[in-house]
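Let me begin by presenting the structure, written as structure tokens, before commenting on it.
The values are calculated or read from the model by the stated rules, or taken from the named source; none is laboratory data. This is a predicted model, so every value here is computed, not measured. Here the Cβ is made from the backbone with ideal geometry for all residues, glycine too, and neighbour counts use every protein chain on show.
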Amino acid sequence: MLDNRGVWVYVEQNEGVIEGVSLELLGAGRKLADKLEVPLAGILLGDNVRELAEEIIFYGADEVYVVESPVLKQYRTESYMKGVILLAEKYKPEIFLYGATPNGKDVASAVATDLSTGLTADTTMLDVEVEKRLLEASRPAFGGNIMATILCKKHRPQMATVRPKVMKALERDTARTGRVIEESLEIREEDMRTKVLEIVKDVTKKSLADAHIIVCGGKGMGDERNFGLIHELAGLLGAGVGGTRDVVEAGWLSHDHQIGQTGETVTPKIYFAIGISGAIQHLVGMKNSEIIIAINKDPNAPIFGVSTYGIVGDALEVLPILIKQFKEAFHEKGGEVTHA
Amino acid sequence: MHIVVCVKQVPDTKIIKINPKTNTLDRRSAPAILNPYDAHAVQTAVSIKEAAGGEISVLSMGPPQAVDIIKKSVEIGADRGYLITDRAFAGADTLATSYALSKALDRISKEKPIDLIICGKHAIDGDTGQVGPGIARRLDIPPVTNVIEVSDINKDTRRVKIKRKIINGYELIETEMPCLLTVEKEINDIAYSPLPNMIKAARYTPIIWAVSDLEDVDRTQLGLKGSPTIVGKMFTPPKPEGGHMLDGNADDQAKQIIDILLQNKELFSVN
Ligand SMILES: Cc1cc2nc3c(=O)[nH]c(=O)nc-3n(C[C@H](O)[C@H](O)[C@H](O)COP(=O)(O)OP(=O)(O)OC[C@H]3O[C@@H](n4cnc5c(N)ncnc54)[C@H](O)[C@@H]3O)c2cc1C
Ligand SMILES: Cc1cc2nc3c(=O)[nH]c(=O)nc-3n(C[C@H](O)[C@H](O)[C@H](O)COP(=O)(O)OP(=O)(O)OC[C@H]3O[C@@H](n4cnc5c(N)ncnc54)[C@H](O)[C@@H]3O)c2cc1C
């Protein structure tokens, strides 16, 4: 069983489009595969998706295993799981990574049960101990600014789901070449217990993950009324509004605005962290933002550790001034702010 | 309809204190509560029972104190509760947890066939969301994760329609019963418990089983022994350096932020 070889990445595609997290995982998987001196493979399931195999190679894979079937047109646990298990049992990888998306977590949990192996959830750091060929998958441990490294010593493959937006994708390199292996899956639609009747995209709700600027407020805003300043600044900038878990629990924002381990992971160009202490569960969701501007009255708040610019001060004093100055600056320059 | 809801006792991470020396959670400081997602799972069962009739059982694996969360579930509206508790279960990862729970579900379904199993989307302590789908695999029933609405239960065709949250929207699924759902918090609001439920809960004694009460159990698949994952080490991530602090009074500080924003002016007018 410990003879398993190779690093695999489950490549999630939705309607023929590869999810960003899968490309990130190809980047992370490439590093692990190089250290272990084994090939990196992408696992691709769907209906008419073969042409995506090339993309997967451009982003770092040496091999792509493809399973195509009309039954795989839409994601369903029962069909996707069967395809993945078929490949894993036949080709026996040693490491197998999945994006921690609803579908990625879903298929990984089912596959781990069938293969009777370990699955580390919501990983934010990956490394490998080369000598023992051990995957070191680390995740924030509940409470405290602490990480736990989870190991799976005696079972293969070693599996982990990985948070979107924490790993880096490689540059797309069209000079890369690789091998495509096709397998067929013997399932008929009549045997399926689950049907997807309809997929409804919520287009009105712009995902926070797509925002270029996010203004995120924490418990330090004091109350819901003061939190209005966060909305006001975001409104002026055409930015997304985010909150910490404590803010969501307090009912100042709905859960889909929560940023962090149990909310969204975001990497905007500019991230305002206002009245936020900077607990690890929050940091894992935002620390890869390009510019982080933190305002906190406690000079020792951990948020300053990840911030590009920090202000030690009272947000309730700084924000109204900032809002006023911003309005003036744009008025003077005659700049029109068009909201995204 | 027989609905079984899996419920887990967790430390209340909102009240919990962090030990500043070790940077870890001081478990003694945390009251144990019903996993918040599981409260929504029980409430989902209550709504289904109201619409389609039936009975609600809850099942938990945990220490003897976990009877408290079973009582709490009865308060929300469960009819009965089972606690499986045994040293042999201790130290289980998600694979071993789903194994133990599926064995208990086997026994429950012998007493009364199960139509629907409901779990929370995740537990707020371990926070993996892997136990529900694991149970579904072991029982070979369809799993539907991230459920935000159970829209239509047809007792005759034994099919159910479900809204499932996905990236950027939702999908409407139809599946066969028995099946297993894991629910998001937004699926419902927890209703205030009616007085008779409170009285029943206060007096209620759950059914308690040890490993020896379950059938066909492979003990090597339980607890620590049956867990492929182990916690290798705990560490505090290296403290990041941090960047530039902006000085001056609030006016000066705001001005410096405006300068940074103006340098990135193109961001304001995307699309
Ligand atoms: C399993 C688990 C999962 C979690 N998931 C998440 C998650 O996804 N996202 C998340 O955010 N958290 C999450 N948490 C919670 C996290 O640990 C923290 O408790 C939370 O992020 C703290 O929120 P906060 O910074 O708003 O509040 P606090 O920690 O209370 O910080 C408030 C900050 O505001 C400052 N402040 C107060 N008044 C002012 C003022 N007038 N001006 C300026 N600053 C002021 C204070 O100095 C303080 O630093 C999770 C916890 C657990 C256990
Ligand atoms: C810091 C830390 C990290 C961990 N990381 C991992 C990991 O990466 N992989 C891994 O396999 N294990 C891991 N574990 C172990 C894991 O927490 C336990 O296996 C736990 O018993 C179940 O997992 P969970 O809390 O994540 O439950 P989840 O899968 O998040 O729970 C989902 C739902 O399943 C049901 N459920 C879960 N547990 C029970 C129960 N005992 N009784 C009744 N219903 C239940 C509930 O309905 C719950 O809402 C970790 C533990 C710790 C302390």
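At least 1 residues being at the interface with chain B (Cβ under 10 Å from one of its Cβ atoms) is the threshold, and among the strands (runs of 3 or more DSSP E) wholly inside the stretch A:229-332 those reaching it are A:270-274, A:291-296, A:309-312. If only residues of the stretch A:108-130 that are closer than 21 Å to residue A:31 by Cα and among the β-branched types (Val, Ile, Thr) are counted, the one that is nearest to ligand 1 (Cβ to nearest atom) is A:124.
Residue-level analysis places residue A:238 among those that are modelled with pLDDT under 95 and either closer than 23 Å to residue A:249 by Cα or surrounded by 13 or more Cβ atoms within 10 Å (Cβ to Cβ) (or both). Taken as a whole, the stretch B:161-172 holds no residue that is closer than 24 Å to residue A:199 by Cβ, within 11 Å of ligand 2 (Cβ to nearest atom) and at pLDDT 95 or above.
Could you check the stretch B:96-140 and list, in sequence order, the residues that are more than 11 Å from chain A (Cβ to nearest Cβ) and over 19 Å from residue B:62 (Cα atoms)? Residues satisfying the conditions are B:109, B:110, B:111, B:112, B:113, B:114, B:115, B:116. A search for C-beta distances below 8 Å between a residue of the stretch B:38-49 that is within 14 Å of chain A (Cβ to nearest Cβ) and any residue that is within 10 Å of ligand 2 (Cβ to nearest atom), counting only pairs 6+ apart in sequence or on different chains, returns B:40/B:120; B:40/B:183. Here is a check on your reading of the model: is residue B:165 free of Cβ contacts under 8 Å to residues at least 12 places away in the same chain and more than 17 Å from residue B:5 (Cβ to Cβ)? No, not satisfied. Going residue by residue through the stretch B:206-219, is there one that turns out to be touching a Lys or Arg at 6+ places or on another chain (Cβ under 6 Å) and away from chain A (no Cβ under 12 Å)? Checking the stretch B:206-219: at least one residue is touching a Lys or Arg at 6+ places or on another chain (Cβ under 6 Å) and away from chain A (no Cβ under 12 Å).
Going residue by residue through the stretch A:88-110, is there one that turns out to be among the hydroxyl-bearing types (Ser, Thr, Tyr), more than 7 Å from chain B (Cβ to nearest Cβ) and surrounded by fewer than 24 Cβ atoms within 10 Å (Cβ to Cβ)? Scanning the stretch A:88-110 turns up at least one residue that is among the hydroxyl-bearing types (Ser, Thr, Tyr), more than 7 Å from chain B (Cβ to nearest Cβ) and surrounded by fewer than 24 Cβ atoms within 10 Å (Cβ to Cβ).
Scoring residue A:117 on the criteria (1) of a type in the set (S, T, N, Q); (2) at the interface with chain B (Cβ under 8 Å from one of its Cβ atoms); (3) assigned to a strand (DSSP E or B) leaves a single failure, condition (3).
The criterion of at least 1 residues that are closer than 20 Å to residue A:189 by Cβ is met by the following helices (runs of 4 or more DSSP H) wholly inside the stretch A:1-102: A:77-91.
Listed here are the strands (runs of 3 or more DSSP E) enclosed by the stretch B:149-265 that have at least 1 residues being touching a Pro at 6+ places or on another chain (Cβ under 7 Å): B:159-166, B:169-176, B:179-183. Going by what's in this entry, would residue A:105 be described as within 16 Å of ligand 1 (Cβ to nearest atom) and at pLDDT below 95? So residue A:105 fails the test.
Taking (1) closer than 19 Å to residue B:123 by Cβ; (2) buried (at least 21 other Cβ atoms within 10 Å of the Cβ) in turn, residue A:146 satisfies each apart from (2).
Quick grid of which residues meet (1) in the same structural domain as residue A:313 (by TED's automatic domain parsing); (2) over 25 Å from residue A:147 (Cα atoms); (3) within 15 Å of ligand 1 (Cβ to nearest atom); (4) of a type in the set (Gly, Ala, Ser):
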| residue | (1), (2), (3), (4) |
| --- | --- |
| A:215 | yes, yes, yes, no |
| A:235 | yes, yes, no, yes |
| A:258 | yes, no, yes, no |
| A:262 | yes, no, yes, no |
| A:266 | yes, no, yes, no |
| A:273 | yes, no, yes, yes |
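Looking across the stretch B:237-271 at every residue that is in contact with a helix residue (DSSP H, G or I) (Cβ under 9 Å, 6 or more places away or on another chain), exposed (fewer than 15 other Cβ atoms within 10 Å of the Cβ) and closer than 30 Å to residue A:124 by Cα, the one that is farthest from the other protein chains (Cβ to nearest Cβ) is identified as B:241.
Contact annotation: residue pairs with Cβ atoms under 7 Å, 6 or more positions apart or on different chains, pairing a residue in the stretch A:298-321 that is closer than 14 Å to residue A:229 by Cβ with a partner that is part of a helix (DSSP H, G or I) and among the small types (Gly, Ala, Ser), are A:313/B:250; A:315/A:220; A:317/B:250; A:318/B:250; A:318/B:254; A:321/B:250; A:321/B:254.
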